[in-house]
Amino acid sequence: GRFLNTGQSCIAAKRFIVVESIREEFEAALRSAMEAWAPGPPADPATTLGPMARDDLRDALHDQVERSVQAGARLICGGEVPDQPGAWYPPTLLADVGPGMPAYHEELFGPVAVIVPVPDEEAAIATANDTAFGLGASIYTRDSDRGERIAAERIEAGSCFVNGFVKSDPRLP
C-alpha cells in the first residue's frame, strides 16, 4: 500500500498509526520488508521500486525527510539521496513521528513510510482524523467486526478499508 507507484499516489498509505503495545514488532517487520525492496530500472523483472517521476520531486521529498528528522523523527533506514543520475530515492522509514513534523502533516509523494506511535485505540482514531487530507484509510485489527464499526462510524475518510490497503475503484465516490 505504501510503495504503489513508488509512493507517488494520492491514496498510497502515508502514516502508519501504531498502538504502542505492538510498535517495536511492527517497526522491525516494516523495516525488514522495506529493506527487501530492490530499486532499479522499471523494465527489469528484479526491480520492485522504480525511480521517482522527477529530480525536483525527489529533492522536495528528501527535504521533508530531513526537516522531520530535525524536528525529532527517528530515521530507521534510507533517507540518503543516491549518488547517481536519475530521480532515485531509497525506501525510507521514519519513526516517532508526531504533530509539528512535515512527515505528520504533509503528503509524502515517494517511498517514505512514517510510523506515528499512539498509546491506544482512541488516540489512533484521533490521530487518523488529524489530517487535512483523508482520501482513504485502512484499519488493521484481529477483530474485523470492530474494525468495520470504527471504519463506518469513527474514521473521517473518503473510503476506509479493514485489513486491506486502500485501492482505487471507479465505483467508489
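The values are calculated or read from the model by the stated rules, or taken from the named source; none is laboratory data. All values reported here derive from a predicted model rather than from experimental measurement. Because the Cβ atoms are built from the backbone with ideal geometry, glycine has one as well, and the counts that use them run over all protein chains shown. Side chains are part of the model used for accessible areas, which takes the heavy atoms of the whole protein and leaves out ligands, DNA and RNA. Shrake-Rupley method; radii C 1.70, N 1.55, O 1.52, S 1.80 Å.
Quick check for me: using +1 on Lys/Arg Cβ and -1 on Asp/Glu Cβ, what's the dipole size of the chain about its Cα centre, in debye to the nearest 20?
360
Relative contact order, percent, of the chain when contacts are C-alpha pairs under 8 Å separated by at least 6 residues? Walk me through the numbers before you get to the answer.
On the way: 309 pairs, mean separation 42.0, N = 173.
After rounding, I find 24 percent.
Give me the extension gain from ASP130 to GLN70: residue separation times 0.36 nm, minus the current Cα-Cα distance, reported in nm with one decimal.
Extra length available between ASP130 and GLN70 comes to 19.4 nm.
What nm distance separates the two modelled labels at ARG54 and GLU25, each placed 7 Å from Cα along Cα→Cβ?
4.4
Of all alpha-carbon pairs in region 41-131, indicate the percentage at a distance above 14 angstrom. Spell out each step's value before the answer.
Details: 2696 of 4095 pairs.
Summing the P(r) of region 41-131 above 14 Å gives 66 percent of all pairs.
Out of all DSSP beta bridges with both ends in the chain, state the antiparallel percent to the nearest 5. Don't skip to the end; give the middle numbers.
Working: 3 of 16 bridges.
Expressed as a percentage, antiparallel bridges in the chain total about 20.
Using the Cβ atoms and a cut-off under 12 Å, what net charge is assigned to the surroundings of ALA12, where Lys and Arg are +1 and Asp and Glu are -1?
+3
Could you estimate the translational diffusion coefficient of the chain from the Stokes-Einstein equation, with Rh from the Kirkwood formula over C-alpha pairs, at 4 °C and 1.567 mPa s, in whole µm²/s? If you can, show how the numbers build up before the last one.
Values: Rh = 16.7 Å.
After rounding, the answer is 78 µm²/s.
Taking H placed 1.01 Å from N in the peptide plane, check which residues at least 5 places from VAL19 or on another chain put their amide H under 5 Å from its amide H.
The list, which skips near neighbours in sequence, is VAL118.
Let me have the 222 nm mean residue ellipticity of the chain computed from DSSP H runs of 4+ only, each contributing -39500 (n - 2.57), with the sum over all residues rounded to the nearest 500.
-9500 deg cm²/dmol
Roll a 1.4 Å probe over the protein chains and send me the accessible area per residue for region 6-81 in Å². Let's see the in-between values first.
Numbers: 4240 Å² over 76 residues.
With the other protein chains kept in place, region 6-81 gives 56 Å² per residue.
At 25 °C and 0.890 mPa s, grab the translational diffusion coefficient of region 1-88 from Stokes-Einstein with a Kirkwood Rh over Cα pairs, rounded to a whole number in µm² per second.
169
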